[in-house]
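Worksheet for the structure shown next.
The values are calculated or read from the model by the stated rules, or taken from the named source; none is laboratory data. What you see is a predicted model, and the numbers here were worked out from it, not measured in a lab. Don't worry about glycine lacking a Cβ; one is built from the backbone with ideal geometry, like all the others, and counts go over all protein chains shown.
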């Protein structure tokens, strides 16, 4: 009997210890890190590295923290033939999520909405224009050979003759009439630059496996992007570079030439670099979109809202106040009405809230306003479970049972009721999470976790505490239900 009790206590202790470990980043971030530093490092805070996992602090959602809200629409006309719209939408969501994660935007919520729309929430974002460009960029990477001979001379002479700017020349029929068959004009990222390229790329980003930001050596150490191809891409790139030594190979992203280096020798290892006097943020941006992959079709922003931080602060204050006031009221009521047993129920309630927050932080969930509402509702359901148990125990005592027997019978008879009520609500939360979007998902996942934890704390934790008290020669156990 004692070994069984010790095992239960050990299980509770281990779970609480894990909860403390999971909450360490949150405690460090919100209680030990100055506000000025948090503002500066938002999205870049270092996680707690446990080796097998990295733990991040619990974050606030868009409605509590403020940020950028976008609705994107995928261009159905440009989805590749044979690809289902739903599949293209799923792929677009995956690409966008990879981009914002790799770029360092924390707590992003990206979900499908309807048949061809994507909802994007970016809490705490400070550079909306960069975020919109990051999300909307198609990221079609191509390597094309550059024409630098007489064909280019004729094109540039015509542009100069007509007094056109490079961007105007791209659509001017008088210029296009001198572009030879098999070639296209494209702009370069440098102001005023234009290139004459082969119309068919030598290799595309479909073969890309990695793209990394690197810092150059030497006095200036300018950043650049290093690229790596897969096995097939390595073979193609090796053949292209071998057959075109001393020619320029343009690196094109979304029809803009990023750079056009000269091929000095065969490159057999499938590695290339993109240089171009990039600023650090530009090189990071480029590496991010290339590493995350290309969108299956272009997307456009059809709705955009910036949620102000004032609304976020007000929501935090009111939501936190509701949670704190509700918890305190419940705690006081339980102590006044159930005495020592009420204190045990309150302890279970505190453990309940703590573990829910810890689990949310493990899953990198953002605590939104609906999630706060779910947390408050969960407190009420947690107390309800404890009241059912305590009332059943009191009934058994009134029927003449000893305290130990009354506790055992009370839990046995209350368990079915508690399980039924929690199970039906758990099923509801699964549907909310599975079919809901945005805030509804936040409410659903918080309630789901809270109900699972509630069964553990209300039944297992409190029962173990009673068993421990009754196993000792404490005077306190006589006061449990007085």
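Taken together, 375, 432, 349, 390 contain a single residue that is buried (at least 18 other Cβ atoms within 10 Å of the Cβ), assigned to a helix (DSSP H, G or I) and touching a strand residue (DSSP E or B) at 6+ places or on another chain (Cβ under 9 Å), which is 375.
Residue 151 satisfies every condition listed in (1) closer than 21 Å to residue 263 by Cβ; (2) within 39 Å of the chain's Cα centre (by Cα) except (2). A count restricted to region 455-465 and to residues that are crowded, with 23+ Cβ neighbours inside 10 Å and modelled with pLDDT under 90 stands at 1. None of 142, 133, 129 is within 30 Å of residue 261 (Cα to Cα), at pLDDT 80 or above and over 17 Å from the mean Cα position of the chain (by Cα) except 142.
Matching residues to (1) surrounded by 15 or more Cβ atoms within 10 Å (Cβ to Cβ); (2) more than 30 Å from residue 130 (Cα to Cα):
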| residue | (1), (2) |
| --- | --- |
| 192 | no, no |
| 223 | yes, no |
| 227 | yes, no |
| 242 | no, yes |
| 245 | no, yes |
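For region 435-460, a tally of residues being out of contact with any strand residue (DSSP E or B) (no Cβ under 8 Å at 6 or more places or on another chain) and not in a helix (DSSP H, G or I) returns 1. Checking each residue in region 1-47 for being at pLDDT below 85 and either closer than 30 Å to residue 465 by Cα or not assigned by TED's automatic domain parsing to the domain that holds residue 351 (or both) picks out 1, 2, 3, 25, 26, 27.
When residue 178 is tested against (1) in a loop (DSSP other than H, G, I, E, B); (2) crowded, with 16+ Cβ neighbours inside 10 Å, exactly one condition is not met: (2). With a requirement of 1 or more residues that are under 32 Å from the mean Cα position of the chain (by Cα), the strands (runs of 3 or more DSSP E) lying completely within region 191-270 that satisfy it span 208-215, 223-229, 249-253, 256-259.
Among the residues of region 156-167, not a single one is part of a strand (DSSP E or B) and either free of Cβ contacts under 8 Å to residues at least 12 places away in the same chain or under 30 Å from residue 69 (Cβ atoms) (or both). Inclusion of residue 409 among residues that are within 24 Å of the chain's Cα centre (by Cα) and assigned to a helix (DSSP H, G or I) is not warranted.
Annotation note: of 108, 92, the sole residue that is modelled with pLDDT under 75 and in contact with a strand residue (DSSP E or B) (Cβ under 8 Å, 6 or more places away or on another chain) is 108.
Considering (1) modelled with pLDDT under 85; (2) surrounded by 18 or more Cβ atoms within 10 Å (Cβ to Cβ), the lone condition that residue 472 does not fulfil carries the number (2). Each residue in region 352-372 was checked for being more than 22 Å from residue 16 (Cα to Cα) and touching a strand residue (DSSP E or B) at 6+ places or on another chain (Cβ under 8 Å), and 1 of them qualify.
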